[in-house]
1. Condition check: part of a helix (DSSP H, G or I) and surrounded by fewer than 21 Cβ atoms within 10 Å (Cβ to Cβ). Does residue A:250 satisfy that?
2. Condition check: modelled with pLDDT under 95 and more than 22 Å from residue A:20 (Cα to Cα). Does residue B:125 satisfy that?
3. From the set of residues in the range A:285-308 that are touching a strand residue (DSSP E or B) at 6+ places or on another chain (Cβ under 6 Å) and within 11 Å of another protein chain (Cβ to nearest Cβ), which is modelled with the highest pLDDT?
4. Pick out the one residue from A:235, A:230, A:218 that is closer than 19 Å to residue A:296 by Cβ and touching a strand residue (DSSP E or B) at 6+ places or on another chain (Cβ under 8 Å).
5. Please specify each residue of the range B:63-110 satisfying the condition of being part of a loop (DSSP other than H, G, I, E, B), touching a residue at least 60 places away in the same chain (Cβ under 8 Å), crowded, with 24+ Cβ neighbours inside 10 Å and in contact with a helix residue (DSSP H, G or I) (Cβ under 6 Å, 6 or more places away or on another chain).
6. Which of the following residues is under 18 Å from the mean Cα position of the chain (by Cα) and either surrounded by fewer than 16 Cβ atoms within 10 Å (Cβ to Cβ) or in a helix (DSSP H, G or I) (or both): A:220, A:197, A:210?
7. Hey, residue A:121 hits all of (1) at pLDDT 95 or above; (2) farther than 24 Å from residue A:30 by Cβ but one; which does it fall short on?
8. Being under 30 Å from residue B:197 (Cα atoms), in contact (Cβ under 8 Å) with a residue 40 or more places away in the chain and out of contact with any helix residue (DSSP H, G or I) (no Cβ under 9 Å at 6 or more places or on another chain), is that true of even one residue in the range B:146-154?
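The values are calculated or read from the model by the stated rules, or taken from the named source; none is laboratory data. Since this is a predicted model, take the numbers as computed values, not measurements. Cβ atoms come from the backbone with ideal geometry, glycine included; neighbour counts cover every protein chain shown.
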């Protein structure tokens, strides 16, 4: 018999990133981009931004998740009331959150459109106004939950110490909001009515918070356990290092932050620079989820070989 | 009642008969294996210790796979066995990722190409597909031969005692390294072995309370609870095993000295 490595040494999870697992990665990226964009759009009152956010969730995130399933036609089994698994399963909860977001955000888009275009009878305006506020609150709430649940689903996995931390859902949401700010600026560049300077100022703060959060996450993981430390090593000097340094650090944080700082002193960033910042930031969003999924390493089965 | 298994690591001869028995019993697809053997090598410099740990689904009392399943396809039976309803499984693979013991397999087309790709199915294969459809796109794992247990207990037989009610791997083990029985019964053979031989579970820190216990060999070769070398069938087999050339030299060297 030849000694082999299956579960003797730390093993990388492959189901959610390799082969067909790339669909999970894409779904998670669009989840962050869509919910972030929708949330920021609500705050800056951008109807078009909210619409694009909704489209990213309904036409990208959901189908990618669906195509990943081994039995896609059975997806309804994961939705209440066909299952009671939402009591313990983040996947079932996530399905519910996403569908609720799709529903409330769709209603909100319609009500806001009607109110803005002055097509309602005077008697109906007050009612629709109340409804608009209600669905905005519900849509925003379910957007946060939709952006967050993947982090909880992953942090539940005790065997993957790099994921098994409460910081992960927070990293996902904060990064999603920062991505949303970048995308809303993109919407603002095409249309009108968005204060790009104000968004840039907010984006600057979000990027600094993100950089600190990611740094804290990695430092914490590096001494959390041997296996988590191995994940960090894979990220920084291992096979995923290029995606980490170029995708997250350079494109996702450094370049957008540098452009943002330039605009702080110059008064206003030029249009081409803003486009570069938005594109870089979006590439960073793809890189972040890729890296986190790719370095999810399972603890080996035999504890004495590698401390957990 | 909670069915459990005790694996005597000193008796295990690494013959893979349990793996083969399971394959035949459940008509497993070509690239799917429910029980596995982990070959674990410790090289202390003077001696190379190759140990094998037979592993299978631990049928955890507090099973993460059951908790994460979004459709309740993974569920726990009253007798403690963690079962999968293949007709409910949507193939999200959350259980595969969440299982701390990595004992679940997603059945893809690549893993189930048929035993003779390009040729008509044999009668054996056809029969197997009727009994165990092994749906592509769903997740599978060891089920402690729940169908044998159910059929046997219906006939008044006792799992772990009567062969017809006992998992196939336990029946097949030539070295009698596997013992099956009721963990909740303090008088059962499994309870006695765990109590008297200081049985241990893998990765207790997860709090999953596995129903598979190991005896007679401590992880990492700790002195306590390790069977004397002369009693270790596995230890004897190490010299016959195909460890790499360097290890062979070391084994020979340590014998001479």
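1. In short, yes.
2. Answer is yes for this residue.
3. Filtering first and then ranking leaves A:298.
4. Answer to the check: A:230.
5. B:100
6. The unique qualifying residue is A:210.
7. (1)
8. Yes; the residues of the range B:146-154 include at least one that is under 30 Å from residue B:197 (Cα atoms), in contact (Cβ under 8 Å) with a residue 40 or more places away in the chain and out of contact with any helix residue (DSSP H, G or I) (no Cβ under 9 Å at 6 or more places or on another chain).
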